[in-house]
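Input: a single structure, listed below in structure tokens.
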Amino acid sequence: MLTFNVGPSKLSQKTKSQIKKAIDLGIYEISHRSEEFSKISKQAITGLRKFFKIPKDYRVFYTGSATDAMEIAVGNCCEQRAYHFTCGVFSEVFAEISQRYNKKVFRDQVDFGQLNDYKQAKIDNKHDFVAITQNETSTGVMCEIEDIEKARNKNREAILTIDITSSGGTAPAPIELADIWLFSVQKCFGLPAGLGIMIVSPKALAKANQLSKQKKNLAGYFTFENMLEKMTGKYQTVNTPNVINIYLLAERMKVFNQNQGLIGNIKQAQEKYQLLKDFIDQNQAIDYFVQKPRARSYITICLQAAREKIKAFHLACKKNNMILGQGYGELKDKTFRIANFPNISKTEMQNLIEVLKQAS
């Protein structure tokens with residue numbers, strides 16, 4: 001079955017072959033304290049640095065997932081007040097994490113399908129942590145880099161954290177613009193779930209160390225100080241990591257970096273999205289859930305239609321060995337979603353469009 005679900009992504013044939021190869025190589029069995037693991041990990045980190053053009057003074061860490069990374073970010077870098085832009089389920093999860101850490105949380109909240117007004121955001125100097133979800137998977141809302149810049153300029157002292165779980169690898173990400181970037185690999189990186197990545201600035205590291213000295217760092221064993229100590233030199237982790245996924249990530253980065261890197265991924269995604277957009281614009285049975293074009297994601301596309309029509313789309317896809325993404329939460333029966341990840345080819349997107357056209 002070919003999945004257009006918005007996570008996990010379809011696995012490429014190459015990745016499936018690499019999983020089998022990893023078994024033959026014994027990757028599943030190596031110690032995360034071994035020289036062999038350090039070599040694999042270094043390859044993955046080096047590939048990420050090249051792909052995202054990560055500044056030398058930023059550090060890259062592994063986590064278990066993007067949600068883990070949210071907790072680690074809040075625990076290390078939020079002292080008292082967190083400002084969260086929320087526009088759907090997953091940006092709200094980030095805000096709830098801050099709240100569970102007993103931080104004073106302000107939610108810059110908009111209705112589902114709407115984009116936050118970053119220009120009017122009231123991020124005062126009392127907020128020491130700001131969180132943005134670049135691509136809200138549940139609604140298909142996506143902010144632009146200029147929105148992140150507006151938030152940054154409201155309070156340049158706060159630790160600015162960007163969740164790019166559903167956009168990282170297929171959308172612009174000027175790393176120096178924010179202090180923490182976090183994501184997981186099961187979407188735009190097209191790998192199995194179970195591995196998260198954090199890209200952390202010197203300012204965030206310093207803030208975490210300051211809170212540690214003041215006995216205010218709530219990250220437990222996962223302080224940036226501990227993580228940095230293990231990563232420096234040996235590219236290792238404080239806990240037993242997902243070794244196989246780190247191996248697959250290293251291999252994936254070779255492919256991405258040989259094919260124009262991030263710029264190439266963005267270009268391909270926009271070309272495929274244009275095919276889908278042309279179809280939607282001409283189809284009376286389907287409409288965008290996000291009404292303002294500027295706020296629409298071209299990576300996780302959320303569409304609305306009559307309930308019976310949505311059922312027909314899912315059934316038609318199933319008959320053609322395809323899986324269409326369902327709506328999420330309260331939008332489950334009102335919307336459906338389409339992933340435009342790098343592992344989805346242009347031909348596969350065209351085939352999906354033909355199936356939806358026949359079912360319309």
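The values are calculated or read from the model by the stated rules, or taken from the named source; none is laboratory data. Because the structure is a prediction, the values reported are computed rather than measured. Note: ideal-geometry Cβ built from the backbone for every residue, glycine included; neighbour counts use all protein chains shown. Quick note on the areas: whole protein, heavy atoms, side chains included, nothing else; ligands and nucleic acids left out. Shrake-Rupley method; radii C 1.70, N 1.55, O 1.52, S 1.80 Å.
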ask   = Which of the listed residues, Ser38, Gly75, Gln284, is farthest toward the dipole's positive end in the chain, when Lys, Arg count +1 and Asp, Glu count -1 at the beta-carbon?
value = Ser38
remark   = Note on segment 298-337: the mean projected area of its alpha-carbon convex hull, in nm², is 2.8 nm²
Val93, Val185, reordered so the largest accessible area comes first (probe 1.4 Å) = Val93, Val185
inquiry  = Could you tell me the extents of segment 254-360's C-alpha atoms along the three principal axes, largest first, rounded to whole Å?
reply    = 44, 32, 27
query = Can you give the % of DSSP beta bridges in the chain that are antiparallel, to the nearest 5?
reply = 50 percent
key: Net charge over other residues, Cβ less than 15 angstrom from the Cβ of Gly327 (K, R count +1; D, E count -1)   = +1
inquiry  = Let me check I've understood the local charge: for Ser98, count other residues with C-beta under 12 angstrom from its C-beta, Lys and Arg +1, Asp and Glu -1. What total comes out?
reply    = 0
inquiry  = Is there a quick way to get the dipole size of the chain? I mean about its Cα centre, with the Cβ of Lys and Arg at +1 and of Asp and Glu at -1; what is the value in debye to the nearest 20?
reply    = 400 debye
task = State the percentage of accessible surface on segment 293-360 attributable to carbon and sulfur atoms; use a 1.4 Å probe and exclude ligands, DNA and RNA.
result = 47 percent
inquiry  = Once neighbouring chains are kept in place and the probe is 1.4 Å, which whole percent of the accessible area of segment 228-278 is contributed by carbon and sulfur?
reply    = 48 percent
ask   = So how strong a dipole does segment 284-338 carry about its Cα centre when Lys and Arg Cβ are +1 and Asp and Glu Cβ are -1, to the nearest 20 debye?
value = 80 debye
query = Per 10 Å bin, what percent of the C-alpha pairs of segment 183-324 does each bin hold, from zero upward?
reply = 9, 24, 26, 22, 15, 5, 0
request  = Count charges around Val255 for me, please; just the other residues with Cβ under 13 Å from its Cβ, Lys/Arg as +1, Asp/Glu as -1.
outcome  = +3
key: 10 Å-binned pair-distance histogram of segment 39-186 (Cα, whole percent)   = 11, 44, 35, 9, 1
inquiry  = Per DSSP helix of 4 or more residues, -39500 (n - 2.57); summed, then divided by the residues of the chain. What does that give at 222 nm, rounded to the nearest 500?
reply    = -13500 deg cm²/dmol
Calculated Kirkwood radius over Cα pairs in Å (choose from (i) 21.9; (ii) 23.2; (iii) 21.0), label = (iii)
inquiry  = At 1.002 mPa s and 20 °C, plugging the Kirkwood radius over alpha-carbon pairs of segment 147-207 into Stokes-Einstein gives what diffusion coefficient in µm²/s?
reply    = 174 µm²/s
query = GNM on the chain, C-alpha springs below 10 Å: top fluctuator among Asn155, Asn320, Asn209?
reply = Asn320
query = Dividing the convex hull volume of the alpha carbon atoms of segment 117-189 by its residue count, what do you get in Å³ per residue?
reply = 86 Å³
key: Between segment 129-171 and segment 247-293, the Cα center-to-center distance that results, in Å   = 19 Å
task = Specify the inter-centroid distance of segment 76-115 and segment 184-220, based on alpha-carbon positions, in whole Å.
result = 17 Å
inquiry  = With +1 on the Cβ of every Lys and Arg and -1 on the Cβ of every Asp and Glu, and nothing else charged, how large is the dipole of segment 172-302 about its Cα centre, in debye rounded to the nearest 20?
reply    = 380 debye
Peptide ranges 59-71, 211-223 listed from the most packed, as the mean C-beta count within 10 angstrom indicates = 59-71, 211-223
ask   = Can you pull the percent of segment 1-142's accessible area that's carbon plus sulfur, 1.4 Å probe, other chains left in place?
value = 48 percent
ask   = What accessible area per residue, rounded to a whole number of Å², is obtained for the chain using a probe radius of 1.4 Å?
value = 45 Å²
